[in-house]
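Trainee: Please read through the structure below; I'll follow up with questions.
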Amino acid sequence: MNIFRLTGDLSHLAAIVILLLKIWKTRSCAGISGKSQLLFALVFTTRYLDLFTSFISLYNTSMKLIYIACSYATVYLIYMKFKATYDGNHDTFRVEFLVVPVGGLSFLVNHDFSPLEILWTFSIYLESVAILPQLFMISKTGEAETITTHYLFFQGLYRALYLVNWIWRFYFEGFFDLIAVVAGVVQTILYCDFFYLYITKGMSGCALPA
Amino acid sequence: KQWSRWKDEL
């Protein structure tokens, strides 16, 4: 464990908790893409199946359980409890255009052709594009609540910190995971436009240039 | 091989 990976995990946890609390406190999921949250729940489900097969550390296991619990709770709040506030008219990204190619690619490019490994690869590829419905929805509505921009900032920051973690681990441990690194670069690049707006405009509740 | 996947990462 290094400071970059720890900060990255905490940033990811912050993003997940910020979103869950925002929906719970305001009792509304306006401006939130339910499709992205469904994809994140799928990412955690397919990636953390090793919860049943291997124990790495208390930290590892507890964080995985927290991520899975929070992501399912978020999906539940969006599609069940506060369904009336779900903005389905603007959450129209065709997620099949993400899931199908990612599914195919995970069969073609992976570290090992075993079920757990293919599911892990699928979750890595899917995570890199899972935020697209949310970014697409914001570009359609042309605005984002302040708290939503903070969610996106921490969500994007986490994988950027993981990129630094991978440089660190390559330098000190001498190997790297090409699949995770390439997907992580793609994922972080998708946030660049948002990062620019978040930092220059503060983006605190102001309307985004469409 | 010089790269393999990390199994200890979230």
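Trainee: Out of segment A:174-193, which residues are closer than 19 Å to residue A:7 by Cα and either surrounded by 17 or more Cβ atoms within 10 Å (Cβ to Cβ) or within 13 Å of another protein chain (Cβ to nearest Cβ) (or both)?
Mentor: Of everything in segment A:174-193, those that are closer than 19 Å to residue A:7 by Cα and either surrounded by 17 or more Cβ atoms within 10 Å (Cβ to Cβ) or within 13 Å of another protein chain (Cβ to nearest Cβ) (or both) turn out to be A:180, A:181, A:184, A:187, A:188, A:191.
Trainee: Pairs, please: C-beta under 9 Å, at least 6 apart or cross-chain, first residue touching a residue at least 60 places away in the same chain (Cβ under 8 Å) and in segment A:49-77, second among the charged types (D, E, K, R) and not in a loop (DSSP other than H, G, I, E, B)?
Mentor: That search, which allows pairs on different chains as well, returns A:50/A:64.
Trainee: Taking the condition under 24 Å from residue A:184 (Cβ atoms) and either free of Cβ contacts under 8 Å to residues at least 24 places away in the same chain or of a type in the set (Ser, Thr, Tyr) (or both), does residue A:7 pass? Before you say what the answer is, go through the steps one by one.
Mentor: Numbers: under 24 Å from residue A:184 (Cβ atoms): yes; either free of Cβ contacts under 8 Å to residues at least 24 places away in the same chain or of a type in the set (Ser, Thr, Tyr) (or both): yes.
Yes, satisfied.
Trainee: Next question. Among what's in segment A:44-64 and is part of a helix (DSSP H, G or I), within 11 Å of chain B (Cβ to nearest Cβ) and of a type in the set (A, V, I, L, M, F, W, C), pick the residue that is farthest from the chain's Cα centre (by Cα). Please lay out each step first, then the result.
Mentor: Step one: of segment A:44-64, the residues part of a helix (DSSP H, G or I) are A:44-51, A:58-64.
Those still in the list that are within 11 Å of chain B (Cβ to nearest Cβ) too: A:44, A:47-48, A:50, A:59-64.
With of a type in the set (A, V, I, L, M, F, W, C) added as a condition, the list becomes A:44, A:63.
Working: A:44: 9, A:63: 15 Å.
Among them, the one singled out is A:63.
The numbers here are math on the coordinates, done by the rules we state, and not lab data. Bear in mind that the values here come from a model prediction, so they are computed numbers and not experimental data. Here the Cβ is made from the backbone with ideal geometry for all residues, glycine too, and neighbour counts use every protein chain on show.
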